[in-house]
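The values are calculated or read from the model by the stated rules, or taken from the named source; none is laboratory data. Please read all numbers here as calculations on a predicted model, not as lab measurements. Positions of Cβ are generated from backbone atoms using ideal geometry, with glycine treated the same way; all protein chains shown enter the neighbour counts.
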Amino acid sequence: DGRSVDTTMGFTPLEGVPMATRAGSVDPGALLYLLEHHLTLEELNRTLEHESGLAGLSGLSGDVRALETSNAPGAQLALAVFTYRVATAVGAMATALGGLDALVFTAGIGENSASVRAAVCGRLGFLGVELDADANASARPDATVSKAQSPVRIILLKAREDVVAARAARQLLRLSS
């Protein structure tokens, strides 16, 4: 019905799934420990916002493309943590929604990383997520990559933030006139 039910982010974008340089959800006790023993508040903020996430886990980069082509253990660790956390977030969203009709991959990683999509979907079979490996490997945005018999459609959708922003601006202009 077009309304938001849940989000992986909290008070700030730091909560939830790790990002390129943002930590994702972290035990508050770990933050207190770091403040008490190692870091100033400014250092902790910089670390959480700019030196964590995929970059911090891998020790290499926050760019999934670079991690996918690296054999470094840190790169593989970062991808494993990322795909695990995405899958657990999808599971939480499925709980909030009472199940899944579709799973949509979009934006930079979702549109461009067949291996991330495969790793995430591989953990979600119990929800009825069945990825077509061939379709996934060759897919471009605006395609369905689920198996024909999959109870959950898996869709690869091109992000169109510009269109969303334009629609929101138009709606605001209509309301103000």
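Annotations
- Ala107 passes every criterion in (1) aliphatic (A, V, I, L, M); (2) within 13 Å of the chain's Cα centre (by Cα); (3) modelled with pLDDT of 95 or more apart from (3).
- Filtered residues of the range 30-52 (kept if over 20 Å from Pro13 (Cβ atoms) and among the charged types (D, E, K, R)): Glu36
- Helices (runs of 4 or more DSSP H) wholly inside the range 85-177 containing at least 1 residues that are buried (at least 16 other Cβ atoms within 10 Å of the Cβ) and either assigned by TED's automatic domain parsing to the domain that holds Asp63 or in contact with a helix residue (DSSP H, G or I) (Cβ under 8 Å, 6 or more places away or on another chain) (or both): 107-112, 114-122, 133-138
- Restricting the range 40-74 to residues that are of a type in the set (A, V, I, L, M, F, W, C) and more than 28 Å from Phe126 (Cβ to Cβ), the residue that is farthest from the chain's Cα centre (by Cα) is Leu41.
- Residue satisfying condition, being more than 27 Å from Ile155 (Cα to Cα), surrounded by fewer than 15 Cβ atoms within 10 Å (Cβ to Cβ) and touching a residue at least 12 places away in the same chain (Cβ under 8 Å), within set Glu36, Glu51: Glu51
- Annotation: of all residues in the range 56-79 being in a helix (DSSP H, G or I) and touching a residue at least 24 places away in the same chain (Cβ under 8 Å), the one that is surrounded by the most Cβ atoms within 10 Å (Cβ to Cβ) is Ala78.
- Within the range 43-55, the set of residues being under 16 Å from Tyr33 (Cβ atoms) and assigned to a helix (DSSP H, G or I) comprises Glu43, Leu44, Asn45, Thr47, Leu48.
- Meets criteria (in a loop (DSSP other than H, G, I, E, B), out of contact with any helix residue (DSSP H, G or I) (no Cβ under 6 Å at 6 or more places or on another chain), without any contact (Cβ under 8 Å) to a residue 24 or more places away in the chain and not basic (Lys, Arg)) for Glu15: yes
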